[in-house]
Amino acid sequence: MSPSVVESKAADTVDQLILDEEKYFLRRQPRSTELIVQAREHLAGGATSNWQIAEPQAVWMSHGKGSKVYDVDGNEYVDMHGGYGASIAGHAHPAIVEAVSDRVRRGTHFAQPTEDAIWIAGELARRFDLPLWRFANSGTEATMDAVHLARSLTGRDLIIKVEGCYHGHHDSVQVSVLPDADEVGPREHPTPVPGNTGIPTAIRDLVIVVPFNDPEAVARALAEHRGQVAAMILEPVMMNAGIIPPDDGYLAAIRELVHAEGALLIYDEVKTGFTTGPGGVTARSGVVPDMVCLAKALGGGIAVAAIGGTREVMSAIADGRYEQVGTFNGNPLAMAATRATLTDVLTPQAYAHLDELAARLSGSLESVIARHGAGWHVVVAGAKGCVTFRRDPVREFRDFLDIDARLGHLHWLMQHNGGVFLPPWGKVEQWLLSVQHQRDDVDRFTANFTRFADAVMSPVT
C-alpha cells in the first residue's frame, strides 16, 4: 500500500475519532451547554475571554481542590491545564488560602506599598540575579513596561521579536504571534503579520521579526537597522508553539549581539519563570538579560506580575525618566499570595517532587511512542511539557507549522473525556504539573495517551 493511501486512511480515522469524542464530550456537559446559552445574552461570545471558547464548547467550572478541578456537571478532572501555567500551587493550597484569607480581613487595596513587596523584590533579585524590581498585574503589563522602558532608555523605536512568540496583547508585540504558513514570507526576512485585528500598520513597522534559534538572523536584523533597535524580546524557552528549547549557546550569542549594538535583551519568562525552576530559564542558563518579565505562576493563582532589571535599566524608573504605574501594582492581596508561593509552595522539596513526576510522565509517554514507532517527541521543561506530533524536532516556529493540528485536538478531547483537563489548543499549549499532583494523576494522563496512540496509530501499523 502506498504512503499516500496510508496517510489518507489515517486522516479519515482521525477525523472520525474527533467526531466521536466531541459527541461524548457534549453528552457529559449538558449544564455547560445551558450556561453558554444564558451567557450569550450579556457576555460577548458567551465567555469571559476568547481563549475560553474551545471546540466543541467551553467548559464551565465549579471549583478546584488539590490537583483536581470540577466542572458544573460534576465531572472530576486531573488539572494539567493549570490556568495556562499559573496554577503551579494547585488549587486551595493551604499556604495560599491562609495568606489570602488573612490579607482579605486586613484590607486588599490601598494603592500604597506594603511590607511584603520588599521581601518579594529581594527574593526575586536573589533568584534571577537582577537587583531591582517593580510589580504589575499581568504578563501583558510586564512586557509592555519592558518594551516601553527599553525605548525610553535607548531613544530608539524598533524592537526585534521572535516569530511565533506571544508576549501579551498590547500593540507593540501583537505581531507574528501565530501567523499562517501563507503569511510568513521568506525566512531571511519574515513578514510582520498582525497578531489580531486592530493593530495599526504603523505599529507593525516598528517590529523586526526573526526566527528562533538563529543568531545570524539577529545579527542581520541589527546590521540592517543599525542604531535603531531598542531591544530584542523573546521567550528564552519558546512556549507558544509547544515547547522549543534554545540551542546551546543561542541565548549568550544574542545577548552579545544586541549589546554590541547598544540595544537591550528582554526575557519574557511569564510562562517559564518558576515552572522551569526556582529562577526560571535565567538561572538555568546562566545568561542574565537586561530585563525579565514574570507573571502566571508567581502568584500561586492570584493575578500578579513583575519586571526585574539591571540597575542601569531600572534607574530610569527610580529617577522618573520612565513612569511605571498601575492602580493595583503591588496590591496587598497579590503580595501576600506571592510571598506564600515563594516561601511555602515553591520549596526545594516541591521542585524535587515536580522533577520526579515529570520524569515518570515523560518516560511513560516515550515508551508508548516507541512501541508504536510514531516518531513523536516528548519535550519537558521543568513542570511543563508537551508532545510534539512530528518526526523531526521543532527548532523554530516554521517547523511547528508542519504539525497536524487535528492530532492535538483529538489528544485534548481524549484526555478530557478520560478525566484530564488540558489547555484547549492541543497543538500550541502544554501541560503543567502542580506541587499537589501525585503519581496517580500523571498515570491517568499516560493511560489516556495510550488510548489515543492506539487509536491513531493502529490503522497504519
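Do we find that Q415 is in contact with a Phe, Trp or Tyr (Cβ under 9 Å, 6 or more places away or on another chain) and open to solvent by less than 20 Å² (accessible area, probe 1.4 Å) in this structure?
So Q415 fits the description; yes.
Name, by its number, the condition in (1) touching a Ser or Thr at 6+ places or on another chain (Cβ under 6 Å); (2) open to solvent by less than 20 Å² (accessible area, probe 1.4 Å) that does not hold for S364.
(2)
If you go through region 211-250 one residue at a time, how many are of a type in the set (A, V, I, L, M, F, W, C), touching a residue at least 12 places away in the same chain (Cβ under 8 Å) and open to solvent by 10 Å² or more (accessible area, probe 1.4 Å)?
Residues flagged as of a type in the set (A, V, I, L, M, F, W, C), touching a residue at least 12 places away in the same chain (Cβ under 8 Å) and open to solvent by 10 Å² or more (accessible area, probe 1.4 Å) within region 211-250 amount to 2.
Do you know which residues across region 159-176 are within 14 Å of I203 (Cβ to Cβ), in contact with a Pro (Cβ under 9 Å, 6 or more places away or on another chain) and buried (at least 21 other Cβ atoms within 10 Å of the Cβ)?
The answer is K161, Q174, V175, S176.
Taking interchain pairs and intrachain pairs at least six residues apart, which have beta carbon atoms under 6 angstrom, with the first residue in region 363-376 and closer than 11 Å to R391 by Cβ and the second not in a loop (DSSP other than H, G, I, E, B)?
The qualifying pairs are A374/M457; W376/I369; W376/V387.
Looking at V435, V368, V394 in this structure, which one is part of a loop (DSSP other than H, G, I, E, B), of a type in the set (A, V, I, L, M, F, W, C) and farther than 27 Å from A350 by Cβ?
Within the list V435, V368, V394, the selection yields V394.
Within region 438-458, identify whether any single residue is part of a loop (DSSP other than H, G, I, E, B) and either aromatic (F, W, Y) or farther than 17 Å from D15 by Cα (or both), and answer yes or no.
Yes, some residue in region 438-458 is part of a loop (DSSP other than H, G, I, E, B) and either aromatic (F, W, Y) or farther than 17 Å from D15 by Cα (or both).
For region 26-52, name all the residues that are out of contact with any strand residue (DSSP E or B) (no Cβ under 9 Å at 6 or more places or on another chain) and surrounded by 14 or more Cβ atoms within 10 Å (Cβ to Cβ).
Residues satisfying the conditions are T33, L35, I36, A39, G46, A47, Q52.
Restricting to region 316-329, name every residue that is open to solvent by 10 Å² or more (accessible area, probe 1.4 Å) and either in contact (Cβ under 8 Å) with a residue 40 or more places away in the chain or in a strand (DSSP E or B) (or both).
Scanning region 316-329 gives I317, A318, R321, Y322, Q324, G326, T327, F328, N329.
Is one or more of the residues making up region 239-250 of a type outside the set (G, A, S), at pLDDT below 95 and within 30 Å of M335 (Cβ to Cβ)?
Yes, the conditions are met somewhere in region 239-250.
Can you find a residue in region 252-260 that is out of contact with any Lys or Arg (no Cβ under 8 Å at 6 or more places or on another chain), buried (at least 22 other Cβ atoms within 10 Å of the Cβ), farther than 13 Å from D214 by Cα and not charged (D, E, K, R)?
Yes, region 252-260 contains at least one residue that is out of contact with any Lys or Arg (no Cβ under 8 Å at 6 or more places or on another chain), buried (at least 22 other Cβ atoms within 10 Å of the Cβ), farther than 13 Å from D214 by Cα and not charged (D, E, K, R).
Between K65, K23, which is open to solvent by 40 Å² or more (accessible area, probe 1.4 Å), at pLDDT 95 or above and touching a His at 6+ places or on another chain (Cβ under 6 Å)?
Being open to solvent by 40 Å² or more (accessible area, probe 1.4 Å), at pLDDT 95 or above and touching a His at 6+ places or on another chain (Cβ under 6 Å) holds for just one of K65, K23, which is K65.
The values are calculated or read from the model by the stated rules, or taken from the named source; none is laboratory data. Just so it is clear, the model here is predicted, and its values are computed rather than measured. Note that each Cβ is placed from the backbone with ideal geometry, even for glycine, and that neighbours are counted across all protein chains shown. Areas reflect the complete protein model, heavy atoms only, side chains present, ligands, DNA and RNA absent. Shrake-Rupley method; radii C 1.70, N 1.55, O 1.52, S 1.80 Å.
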